[in-house]
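The values are calculated or read from the model by the stated rules, or taken from the named source; none is laboratory data. Worth saying up front: this structure is predicted, and the values here are computed from it rather than measured. Positions of Cβ are backbone-derived with ideal geometry, glycine not excepted, and every protein chain shown enters the neighbour counts. Keep in mind that these areas ignore ligands, DNA and RNA; they rest on the heavy atoms of the full protein, side chains included. Shrake-Rupley method; radii C 1.70, N 1.55, O 1.52, S 1.80 Å.
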Amino acid sequence: MPLCLTCYATFQHVQTIEFLKNAAMLNNAAHQMDAVMPVGPMHQPIPVAEIARAMSKADTFNNIRISNSTVGAVNTGNLARINAAIEITKGQPTEEFGAKLKLLTEAIANSNEANVEIRQDLEALTRAIADQVLVERSSSKVVTSTLFERLVTLSAGTTKILAAAEQLHAAWHTLVG
């Protein structure tokens with residue numbers, strides 16, 4: 001069901017709050033499990049404060065530059081999540097991945113080579129990759145590889161997007177070793 005921009009922004013805000021609450025509860029539960037039964041590697045908490053700080057700036061998208069984009073081609077909810085992912089990589093070992101994520105997002109948003117539907121699919125895949133690599137507690141190489149394969153397949157007819165997708169893929173390989 002389509003929503004107006006104001007309603008959609010409200011919906012996205014509620015989803016973000018729910019995500020942050022769930023992430024905080026997961027961190028708490030994992031911390032308690034580590035305290036009660038310290039077997040195996042210790043829990044690496046989801047950076048809830050950093051994500052919340054980045055999401056609070058989500059309306060301005062300080063990391064992503066969009067110019068000459070078609071109305072409706074860019075999903076602001078996906079951009080907010082991608083912007084937050086870029087924000088939390090700054091000053092971290094994942095900073096190079098964040099820089100390539102920014103390049104890909106801008107290439108998709110500013111592309112004249114792909115139609116609106118393809119751009120929306122590429123944007124959703126980019127957000128899913130960002131979530132998988134930067135937010136998931138233990139990201140799956142199989143899932144991330146599959147997402148990258150689909151991203152490259154969809155961007156095959158676009159030179160700038162394909163180049164940016166390949167750079168992001170290379171940054172991910174560097175990150176995971």
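Could you work out what % of the accessible surface of segment 14-57 is carbon and sulfur, using a 1.4 angstrom probe and leaving DNA, RNA and ligands out of the count? If you can, show how the numbers build up before the last one.
Numbers: 2040 of 3070 Å².
Percent of accessible area from carbon and sulfur atoms in segment 14-57: 66.
Can you list the lysines whose alpha carbon is less than 19 Å from that of Lys90, not counting same-chain residues fewer than 8 positions off?
Lys57, Lys100, Lys102
Give the long-range amide H neighbours of Asn115: residues separated by 5 or more places, or on another chain, with amide H under 5 Å away, using H modelled in the peptide plane at 1.01 Å from N.
none
Taking 7 Å along the Cα-to-C-beta vector as the label spot, tell me the Lys141-Thr174 distance in nanometres, rounded to one decimal.
Inter-label distance under the simple model: 1.9 nm.
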